[in-house]
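*Asks:* Before I ask anything, here is the structure I am working with.
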Ligand SMILES: [Zn+2]
């Protein structure tokens, strides 16, 4: 089993894990994003840009999940031994609009 990738997402230093396969997908040229919660119950939206490392692009409360759902960006599901992991493909323009809205 591949080790998951990890990322520090908040100022408290909480780390979240996501499938390393997502890094591979991003490195192969597909920008993608997912929402994930840390231990302080904050929701973080993490973007993986092609050829770049993961970045927290937005943080907020549960409302961020709803906004992320509402984007209509193509939903993808990665499945591995750890279970299902939902993410979405995005374009850089999509993200700019999301962050403005
Ligand atoms: Zn936290």
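The values are calculated or read from the model by the stated rules, or taken from the named source; none is laboratory data. Note that the structure is a prediction, hence the values are computed from the model and not measured. Note: ideal-geometry Cβ built from the backbone for every residue, glycine included; neighbour counts use all protein chains shown.
*Asks:* So for region 72-92 (the condition being free of Cβ contacts under 8 Å to residues at least 40 places away in the same chain and within 16 Å of the ligand (Cβ to nearest atom)), does at least one residue qualify?
*Replies:* Scanning region 72-92 turns up no residue that is free of Cβ contacts under 8 Å to residues at least 40 places away in the same chain and within 16 Å of the ligand (Cβ to nearest atom).
*Asks:* Among the residues of region 4-13, count how many are in contact (Cβ under 8 Å) with a residue 40 or more places away in the chain, part of a loop (DSSP other than H, G, I, E, B) and within 16 Å of the ligand (Cβ to nearest atom).
*Replies:* Result for region 4-13: 2.
This table checks each residue for (1) surrounded by fewer than 16 Cβ atoms within 10 Å (Cβ to Cβ); (2) at pLDDT 95 or above.
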residue	(1), (2)
60	yes, yes
71	no, no
78	no, yes
81	yes, no
84	yes, yes
90	no, no
95	no, no
98	no, no
101	yes, no
